[in-house]
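S.K.: Sharing a structure below in structure tokens format, with a few things to ask.
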Amino acid sequence: MAQRLLILNGPNLNMLGLREPGIYGSETLADVEAMCVATAKAHGFDAECKQTNHEGQMIDWIHAARGTIDGIVINPGAWTHTSVAIHDAFAAAEVPVLEVHISNVHKREAFRHHSYVSLIAVGVIAGLGTHGYKLAIDHFALLLKQ
Ligand code: DQA
């Protein structure tokens, strides 16, 4: 059976393409998700993409990944910097996580410099635009096929 990846996007990422294009670019979330599914397929993975603006929904998806999903790529949006609950959900799920940020959060406001998710992530990609999602999926191809 194909290994399964989950591509998760947090709050405001449904606004990609419209939202602050100087920071986040002109691609829509649908563009990014299509690229993620194609990249995953090229590696022989099944990939499912989900986005929510509701923290409890995100936590439920992370819990449901336990024992059913082989790897998670997440852009947690602003929850990166605020959510102990999402950190704890990943700790409970025990699924390898790669954290992606479209922008270089370290070049931005100080409140974006700390990530609760990085504490449990295998790795972090930031500042490479939406290409970061592709790189994360490519990395899972190395990590999961070893
Ligand atoms: C973001 C960076 C976060 O600080 C911000 O709150 C986002 C998007 C990024 O992809 O660069 O919503 O995660």
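The values are calculated or read from the model by the stated rules, or taken from the named source; none is laboratory data. Note that the structure is predicted; figures quoted are calculated from it, not measured. Neighbour counts run over all protein chains shown; Cβ positions are idealised from the backbone, glycine included. Ligands, DNA and RNA are excluded from the accessible area calculation, which covers all protein heavy atoms including side chains. Shrake-Rupley method; radii C 1.70, N 1.55, O 1.52, S 1.80 Å.
S.K.: What pairs in K41/K107; K107/K145; K41/K145 have C-alpha atoms more than 24 Å from each other?
M.R.: On the way: K41/K107 33 Å; K107/K145 34 Å; K41/K145 14 Å.
Going by Cα-Cα distance, K41/K107; K107/K145 fall outside the 24 Å limit.
S.K.: With unit charges on the beta carbons (Lys and Arg positive, Asp and Glu negative) and the dipole taken about the Cα centre of region 4-144, which residue among M58, L8, L18 sits farthest to the positive side?
M.R.: My answer, from the dipole projection, is L18.
S.K.: Among I23, I120, I69, whose mean-square fluctuation peaks in a Gaussian network model of the chain (Cα, cutoff 10 Å)?
M.R.: Result: I23 has the largest fluctuation of those listed.
S.K.: Related question: By its C-alpha gyration tensor, with a ≥ b ≥ c as the square roots of the eigenvalues, how is region 1-115 shaped: rounded for a/c under 1.5, else prolate for a/b larger than b/c, else oblate?
M.R.: Judged from the Cα gyration tensor, region 1-115 comes out oblate (a/c at least 1.5, b/c at or above a/b).
S.K.: In region 101-136, which trypsin sites (Lys or Arg not before Pro) fall in coil by DSSP and have 15 or fewer other Cβ atoms within 10 Å?
M.R.: Sites meeting the loop and neighbour criteria: R108.
S.K.: Leaving out ligands, DNA and RNA, what percent of the accessible area of the chain is carbon and sulfur, probe 1.4 Å?
M.R.: Carbon and sulfur together cover 55 percent of it.
S.K.: For the chain, what are the DSSP H helices with axial Cα length of 24 Å or more and mean Kyte-Doolittle hydropathy of at least 0.5?
M.R.: none
S.K.: A follow-up question, please. Rounded to the nearest whole Å², what accessible area per residue is found for region 4-144 with the 1.4 Å probe?
M.R.: Spelled out: the 1.4 Å probe surface of region 4-144, per residue, equals 45 Å².
S.K.: What does the helix-only formula give at 222 nm for the chain: each DSSP H stretch with n ≥ 4 adding -39500 (n - 2.57), the total divided by the residues, and the result rounded to the nearest 500 deg cm²/dmol? Could you put the intermediate results ahead of the total?
M.R.: Numbers: 6 runs with 57 residues, N = 146.
That calculation yields -11000 deg cm²/dmol at 222 nm.
S.K.: Also: Based on Cβ point charges of +1 for Lys and Arg and -1 for Asp and Glu, what charge dipole magnitude is obtained for region 4-144 about its Cα centre, in debye rounded to the nearest 20?
M.R.: Working: 9 positive and 14 negative charges, 46 e Å.
Its charge dipole is roughly 220 debye.
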